[in-house]
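The values are calculated or read from the model by the stated rules, or taken from the named source; none is laboratory data. From a predicted model like this one, the values you see are computed outputs, not experimental measurements. Cβ: placed from backbone, ideal geometry, glycine included. Neighbour counts: every protein chain shown. Ligands, DNA and RNA are stripped out before the accessible areas are found, and what is left, the full protein with its side chains, is counted by its heavy atoms. Shrake-Rupley method; radii C 1.70, N 1.55, O 1.52, S 1.80 Å.
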Amino acid sequence: MRGVEDEAGVPHGSARHYFENARGLIVEVVRHLLDGDLPRPGETPKQQVARWLGPESGRTRARYELIIASFHDPDLAVELVRGRDRFVDILVERGMTSSDATELVAALDGLVLDALLCRQAPETLDPEQTFKRFGAKFP
């Protein structure tokens, strides 16, 4: 925790004041990371995916690395599922069924992961076609 405080440039004891332990700090970092992946107001799927693969590609890669780490860490898996469920909830609010929204999020994850692996340029991806296959509504 002291190293985190030093890196952040905050007084010693600050992290312990806000987080019970290092585990609590990590959980909050994961939550913050996942919140940044959610669709922004008025953002189209194409803009969202372009953000994930462009300026926020480091965040996107971190999310996939956390997914791999969660295979050995059930608590981390719980947080990742919660993050995914928040995205599903947004799609349900836009009129999708829960099962369709869950499948769409999984399909979108596969599309983005493949684009990262192939080093595909964000502008070459058209996730809106995937959204339309599921009947998703977007701005």
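Miscellaneous remarks
- Global size of region 45-89 as Cα Rg and Dmax, reported in angstrom: 11.8, 33
- With each label modelled as a point 7 angstrom along the Cα→C-beta vector, the ARG133-ASP75 pair spans 3.8 nm.
- Sorting the Cα pairs of the chain by distance into bins of 10 Å, from 0 upward, gives 11, 37, 32, 15, 5, 0 percent per bin.
- When the residues VAL78, VAL88 are ordered by accessible surface, computed with a 1.4 Å probe over the protein chains alone, the sequence from largest down reads VAL78, VAL88.
- Model label points for VAL4 and VAL92, set 7 angstrom from Cα along the Cα-to-Cβ axis, are 3.1 nm apart.
- Degrees, to the nearest 10: 98-117 long Cα axis against longest axis of the chain: 80
- Electrostatic tally near LEU125: other residues with Cβ closer than 15 Å to its Cβ, Lys and Arg +1, Asp and Glu -1, net -2.
- Net charge dipole size for the chain [Lys, Arg +1 and Asp, Glu -1 on Cβ; Debye, nearest 20]: 240
- Accessible surface ranking that places the most exposed of GLU93, GLU123, GLU28 first, with a 1.4 angstrom probe: GLU93, GLU123, GLU28
- Label sites at GLU43 and ILE67, each approximated as a point 7 angstrom past Cα along Cα to Cβ, lie 1.7 nm apart.
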